[in-house]
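The structure appears below as C-alpha coordinates.
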(Lines give C-alpha, C1' and ligand atoms only; values in the text may rest on other atoms or scores of the structure.)
Protein backbone atom coordinates (compact mmCIF):
# COMPACT_ATOMS: atom_id res chain seq x y z
CA UNK A 1 0.00 0.00 0.00
CA UNK A 2 1.28 3.44 -0.95
CA UNK A 3 2.28 6.00 1.67
CA UNK A 4 1.03 9.57 1.22
CA UNK A 5 2.77 12.70 2.49
CA UNK A 6 0.72 15.07 4.62
CA UNK A 7 2.16 18.27 6.04
CA UNK A 8 1.37 19.18 9.65
CA UNK A 9 2.44 21.86 12.10
CA UNK A 10 2.75 21.57 15.85
CA UNK A 11 -0.15 23.38 17.49
CA UNK A 12 0.37 25.68 20.43
CA UNK A 13 -3.05 27.18 21.06
CA UNK A 14 -5.78 24.99 22.56
CA UNK A 15 -9.44 25.41 23.42
CA UNK A 16 -12.61 26.01 21.43
CA UNK A 17 -11.73 29.60 20.50
CA UNK A 18 -8.37 28.61 19.02
CA UNK A 19 -9.96 25.67 17.19
CA UNK A 20 -12.65 27.87 15.61
CA UNK A 21 -9.96 30.30 14.49
CA UNK A 22 -8.06 27.51 12.76
CA UNK A 23 -11.17 26.24 10.97
CA UNK A 24 -11.90 29.73 9.62
CA UNK A 25 -8.47 29.52 7.97
CA UNK A 26 -9.21 26.14 6.39
CA UNK A 27 -7.11 24.33 8.98
CA UNK A 28 -8.05 21.44 11.22
CA UNK A 29 -6.91 20.83 14.82
CA UNK A 30 -5.52 17.33 15.24
CA UNK A 31 -3.59 15.13 17.64
CA UNK A 32 -1.03 12.38 17.08
CA UNK A 33 -0.69 9.55 19.59
CA UNK A 34 0.27 5.89 19.78
CA UNK A 35 1.34 3.08 22.12
CA UNK A 36 4.82 4.57 22.44
CA UNK A 37 4.05 8.11 21.35
CA UNK A 38 3.51 11.10 23.59
CA UNK A 39 0.44 12.99 22.42
CA UNK A 40 1.30 15.81 20.07
CA UNK A 41 -1.16 18.59 19.14
CA UNK A 42 -1.09 19.34 15.41
CA UNK A 43 -2.68 21.45 12.71
CA UNK A 44 -3.26 20.25 9.15
CA UNK A 45 -4.85 21.63 6.00
CA UNK A 46 -8.34 20.31 5.26
CA UNK A 47 -7.64 20.69 1.53
CA UNK A 48 -4.44 18.64 1.78
CA UNK A 49 -6.24 15.82 3.58
CA UNK A 50 -9.03 15.79 0.98
CA UNK A 51 -6.42 15.46 -1.78
CA UNK A 52 -4.86 12.47 0.02
CA UNK A 53 -8.23 10.70 0.24
CA UNK A 54 -8.99 11.42 -3.43
CA UNK A 55 -5.61 10.09 -4.58
CA UNK A 56 -5.66 7.00 -2.36
CA UNK A 57 -9.29 6.05 -2.93
CA UNK A 58 -9.32 4.43 0.52
CA UNK A 59 -10.26 5.38 4.05
CA UNK A 60 -7.33 3.35 5.39
CA UNK A 61 -4.54 5.65 4.22
CA UNK A 62 -0.96 5.25 5.41
CA UNK A 63 0.40 8.72 6.01
CA UNK A 64 3.88 10.14 6.26
CA UNK A 65 3.19 13.06 8.56
CA UNK A 66 5.75 15.77 7.88
CA UNK A 67 5.63 17.74 11.12
CA UNK A 68 7.16 21.21 11.15
CA UNK A 69 8.25 22.68 14.44
CA UNK A 70 11.31 24.78 13.81
CA UNK A 71 12.84 21.63 12.30
CA UNK A 72 11.07 18.77 10.53
CA UNK A 73 10.21 15.29 11.75
CA UNK A 74 8.46 12.45 9.95
CA UNK A 75 5.96 10.09 11.59
CA UNK A 76 4.13 7.16 9.97
CA UNK A 77 0.47 7.25 10.96
CA UNK A 78 -3.12 6.48 10.03
CA UNK A 79 -6.35 8.33 10.70
CA UNK A 80 -7.94 6.87 13.82
CA UNK A 81 -11.00 9.09 14.08
CA UNK A 82 -12.47 12.10 12.29
CA UNK A 83 -15.02 14.40 13.88
CA UNK A 84 -17.15 16.32 11.38
CA UNK A 85 -19.97 18.83 11.57
CA UNK A 86 -23.38 17.12 11.07
CA UNK A 87 -24.60 20.19 9.18
CA UNK A 88 -21.67 21.10 6.91
CA UNK A 89 -19.46 17.96 7.01
CA UNK A 90 -16.57 20.28 7.87
CA UNK A 91 -13.67 18.60 9.64
CA UNK A 92 -13.74 19.53 13.32
CA UNK A 93 -10.92 17.39 14.74
CA UNK A 94 -8.73 14.50 13.62
CA UNK A 95 -6.96 11.79 15.62
CA UNK A 96 -3.82 10.32 14.04
CA UNK A 97 -2.40 7.04 15.35
CA UNK A 98 1.30 6.39 14.92
CA UNK A 99 2.07 2.96 13.48
CA UNK A 100 4.96 0.73 12.50
CA UNK A 101 4.92 -0.76 9.01
CA UNK A 102 6.43 -3.92 10.54
CA UNK A 103 3.70 -4.52 13.14
CA UNK A 104 0.14 -5.74 12.64
CA UNK A 105 -2.75 -3.44 13.43
CA UNK A 106 -6.49 -4.02 13.79
CA UNK A 107 -8.91 -2.10 11.57
CA UNK A 108 -12.52 -2.33 10.41
CA UNK A 109 -12.99 -3.08 6.71
CA UNK A 110 -16.23 -2.59 4.78
CA UNK A 111 -18.10 -5.64 3.47
CA UNK A 112 -19.31 -5.58 -0.13
CA UNK A 113 -21.76 -8.14 -1.56
CA UNK A 114 -21.05 -9.45 -5.06
CA UNK A 115 -22.81 -11.85 -7.42
CA UNK A 116 -26.41 -12.30 -8.52
CA UNK A 117 -28.13 -13.88 -5.55
CA UNK A 118 -30.24 -16.97 -6.36
CA UNK A 119 -32.45 -16.40 -3.33
CA UNK A 120 -33.39 -12.90 -4.46
CA UNK A 121 -34.39 -14.27 -7.86
CA UNK A 122 -36.64 -16.71 -5.99
CA UNK A 123 -38.41 -13.89 -4.15
CA UNK A 124 -36.27 -13.57 -1.03
CA UNK A 125 -34.62 -10.51 0.46
CA UNK A 126 -30.85 -10.21 0.85
CA UNK A 127 -29.78 -8.78 4.21
CA UNK A 128 -26.27 -7.63 5.03
CA UNK A 129 -25.99 -8.17 8.79
CA UNK A 130 -22.37 -7.06 9.24
CA UNK A 131 -21.38 -4.00 7.24
CA UNK A 132 -17.81 -4.10 8.56
CA UNK A 133 -15.45 -6.81 9.78
CA UNK A 134 -12.42 -6.53 12.05
CA UNK A 135 -9.16 -7.64 10.47
CA UNK A 136 -5.57 -7.81 11.65
CA UNK A 137 -2.64 -7.38 9.26
CA UNK A 138 0.39 -5.28 8.46
CA UNK A 139 -0.58 -1.72 7.47
CA UNK A 140 0.54 -2.31 3.91
CA UNK A 141 -1.82 -5.29 3.52
CA UNK A 142 -5.08 -3.66 4.61
CA UNK A 143 -7.75 -4.58 2.02
CA UNK A 144 -9.85 -1.79 0.58
CA UNK A 145 -12.96 -3.96 1.08
CA UNK A 146 -14.00 -7.54 1.82
CA UNK A 147 -16.02 -9.03 -1.03
CA UNK A 148 -18.67 -11.61 -0.17
CA UNK A 149 -20.12 -13.65 -3.06
CA UNK A 150 -23.82 -14.24 -2.45
CA UNK A 151 -24.51 -16.00 -5.78
CA UNK A 152 -25.24 -19.43 -4.29
CA UNK A 153 -27.39 -18.26 -1.39
CA UNK A 154 -31.04 -19.33 -1.66
CA UNK A 155 -33.98 -18.30 0.53
CA UNK A 156 -33.21 -19.32 4.10
CA UNK A 157 -29.45 -19.58 3.52
CA UNK A 158 -26.85 -17.64 5.47
CA UNK A 159 -23.16 -16.97 5.08
CA UNK A 160 -21.05 -16.83 8.23
CA UNK A 161 -17.74 -15.19 8.97
CA UNK A 162 -15.79 -18.44 8.79
CA UNK A 163 -17.10 -18.95 5.22
CA UNK A 164 -15.35 -15.79 3.99
CA UNK A 165 -12.05 -16.13 2.19
CA UNK A 166 -9.47 -13.38 2.57
CA UNK A 167 -5.81 -13.02 1.67
CA UNK A 168 -3.39 -15.19 3.64
CA UNK A 169 -1.83 -11.90 4.74
CA UNK A 170 -5.04 -10.86 6.49
CA UNK A 171 -6.73 -12.40 9.55
CA UNK A 172 -10.43 -12.02 10.28
CA UNK A 173 -10.99 -11.45 13.98
CA UNK A 174 -14.06 -13.01 15.60
CA UNK A 175 -14.96 -14.90 18.77
CA UNK A 176 -18.05 -16.63 17.36
CA UNK A 177 -19.14 -17.75 13.90
CA UNK A 178 -21.63 -14.93 13.45
CA UNK A 179 -23.84 -14.37 10.40
CA UNK A 180 -22.63 -11.84 7.84
CA UNK A 181 -25.21 -12.21 5.05
CA UNK A 182 -28.59 -13.96 4.95
CA UNK A 183 -31.49 -14.36 2.53
CA UNK A 184 -34.90 -14.19 4.17
CA UNK A 185 -38.35 -15.07 2.84
CA UNK A 186 -41.07 -12.41 2.51
CA UNK A 187 -42.64 -11.77 5.89
CA UNK A 188 -45.89 -13.40 6.96
CA UNK A 189 -47.41 -9.96 7.29
CA UNK A 190 -46.74 -9.22 3.63
CA UNK A 191 -48.22 -12.56 2.62
CA UNK A 192 -51.30 -11.84 4.73
CA UNK A 193 -51.71 -8.45 3.07
CA UNK A 194 -51.59 -10.06 -0.38
CA UNK A 195 -54.13 -12.71 0.71
CA UNK A 196 -56.43 -10.03 2.14
CA UNK A 197 -56.22 -8.06 -1.11
CA UNK A 198 -57.07 -11.17 -3.12
CA UNK A 199 -60.00 -11.97 -0.84
CA UNK A 200 -61.22 -8.38 -1.10
CA UNK A 201 -60.97 -8.49 -4.89
CA UNK A 202 -62.93 -11.75 -4.95
CA UNK A 203 -65.62 -10.28 -2.70
CA UNK A 204 -65.94 -7.20 -4.91
CA UNK A 205 -66.17 -9.39 -8.00
CA UNK A 206 -68.86 -11.55 -6.34
CA UNK A 207 -70.86 -8.48 -5.29
CA UNK A 208 -70.60 -7.00 -8.79
CA UNK A 209 -71.74 -10.27 -10.32
CA UNK A 210 -74.70 -10.45 -7.90
CA UNK A 211 -75.71 -6.88 -8.72
CA UNK A 212 -75.58 -7.60 -12.44
CA UNK A 213 -77.74 -10.69 -12.00
CA UNK A 214 -80.26 -8.67 -9.97
CA UNK A 215 -80.31 -5.96 -12.59
CA UNK A 216 -80.99 -8.51 -15.32
CA UNK A 217 -83.96 -10.11 -13.49
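The values are calculated or read from the model by the stated rules, or taken from the named source; none is laboratory data. Just so it is clear, the model here is predicted, and its values are computed rather than measured. Reconstructed Cβ throughout: ideal geometry from the backbone, glycine too, with neighbour counts over all protein chains shown.
Against the criterion of being out of contact with any strand residue (DSSP E or B) (no Cβ under 9 Å at 6 or more places or on another chain), at pLDDT 90 or above and in a helix (DSSP H, G or I), residue 54 qualifies. Do we have any residue at all in region 96-104 that's in contact with a strand residue (DSSP E or B) (Cβ under 6 Å, 6 or more places away or on another chain), within 25 Å of residue 38 (Cα to Cα) and exposed (fewer than 12 other Cβ atoms within 10 Å of the Cβ)? Within region 96-104, not a single residue is in contact with a strand residue (DSSP E or B) (Cβ under 6 Å, 6 or more places away or on another chain), within 25 Å of residue 38 (Cα to Cα) and exposed (fewer than 12 other Cβ atoms within 10 Å of the Cβ).
Residues are listed down the side, and each one gets a yes or a no for (1) closer than 15 Å to residue 59 by Cβ; (2) assigned by TED's automatic domain parsing to the domain that holds residue 8; (3) surrounded by 15 or more Cβ atoms within 10 Å (Cβ to Cβ):
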{"site": "94", "(1), (2), (3)": "yes, yes, yes"}
{"site": "113", "(1), (2), (3)": "no, no, yes"}
{"site": "119", "(1), (2), (3)": "no, no, yes"}
{"site": "130", "(1), (2), (3)": "no, no, yes"}
{"site": "138", "(1), (2), (3)": "no, no, yes"}
{"site": "156", "(1), (2), (3)": "no, no, no"}
{"site": "159", "(1), (2), (3)": "no, no, yes"}
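Is it the case that residue 19 is crowded, with 16+ Cβ neighbours inside 10 Å and at pLDDT below 90? Against the criterion (crowded, with 16+ Cβ neighbours inside 10 Å and at pLDDT below 90), residue 19 qualifies. Taken over region 132-184, the residue count meeting the criterion of being out of contact with any strand residue (DSSP E or B) (no Cβ under 6 Å at 6 or more places or on another chain) and free of Cβ contacts under 8 Å to residues at least 24 places away in the same chain is 6.
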